[in-house]
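The values are calculated or read from the model by the stated rules, or taken from the named source; none is laboratory data. Everything numeric here is computed off the predicted structure, so don't read it as measured data. So basically every Cβ, Gly included, is an ideal-geometry build from the backbone, and we count neighbours across all protein chains shown. Please note that ligands, DNA and RNA were not included when accessible areas were found on the heavy atoms of the full protein model with its side chains. Shrake-Rupley method; radii C 1.70, N 1.55, O 1.52, S 1.80 Å.
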Amino acid sequence: MEKPYPMNAVAITECEIAKLPRKAFINLLKEDAEVSYEMNKCLSQRLYFKLIMTQNLSSQSPMLKLVALMDYLKSFAIDQQQYSFKVPLTRQQMAGLTGLCVETTIRTIKGMERAMMLRIEDRKIMY
């Protein structure tokens, strides 16, 4: 789109960043079908996530927002049994993705544990 990307990122581990000029990137996509396919796959997954979360952000229920997020994440896991999926996000990250404050997220997760919707093991959420 030739517009600045409206997002930033912070590395949580040591990494190396390669900056590819726009023209070289477009040529890479044109010349390498596999790279183009993987980019489209990634974009499709992100659009799907945005759609799922947008549908649930209008809900007033913090529990429904968190359930939608965890259902989405668990949908990629092979084992779909209850408490078989370790949620790979912190409560802070879950709050950010659902538009909730961290305190509400923590209280809601505790309530979900009491309702036996999830388990907390060694400070990890098992869904």
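On the basis of being within 11 Å of the chain's Cα centre (by Cα), of a type in the set (A, V, I, L, M, F, W, C), part of a helix (DSSP H, G or I) and within 20 Å of G111 (Cβ to Cβ), does L64 make the cut?
The answer is no for L64.
Just give me the residues in the range 12-40 being closer than 28 Å to L97 by Cα and either touching a residue at least 40 places away in the same chain (Cβ under 8 Å) or surrounded by fewer than 10 Cβ atoms within 10 Å (Cβ to Cβ) (or both), in sequence order. Answer for the range 12-40, where residues must be closer than 28 Å to L97 by Cα and either touching a residue at least 40 places away in the same chain (Cβ under 8 Å) or surrounded by fewer than 10 Cβ atoms within 10 Å (Cβ to Cβ) (or both): I12, T13, E14, C15, E16, I17, A18, K19. Listed by first and then second residue, the pairs with beta-carbon distance under 7 Å, at least 6 apart or on different chains, first residue in the range 98-124 and open to solvent by 40 Å² or more (accessible area, probe 1.4 Å), second assigned to a loop (DSSP other than H, G, I, E, B), are R119/Y83.
Taken as a whole, the condition of being in contact with a Leu (Cβ under 7 Å, 6 or more places away or on another chain), of a type outside the set (K, R), closer than 30 Å to M117 by Cα and modelled with pLDDT of 95 or more applies to V87. Screening M63 on (1) modelled with pLDDT of 95 or more; (2) surrounded by 11 or more Cβ atoms within 10 Å (Cβ to Cβ); (3) over 30 Å from M116 (Cβ atoms) shows it passes everything except condition (3).
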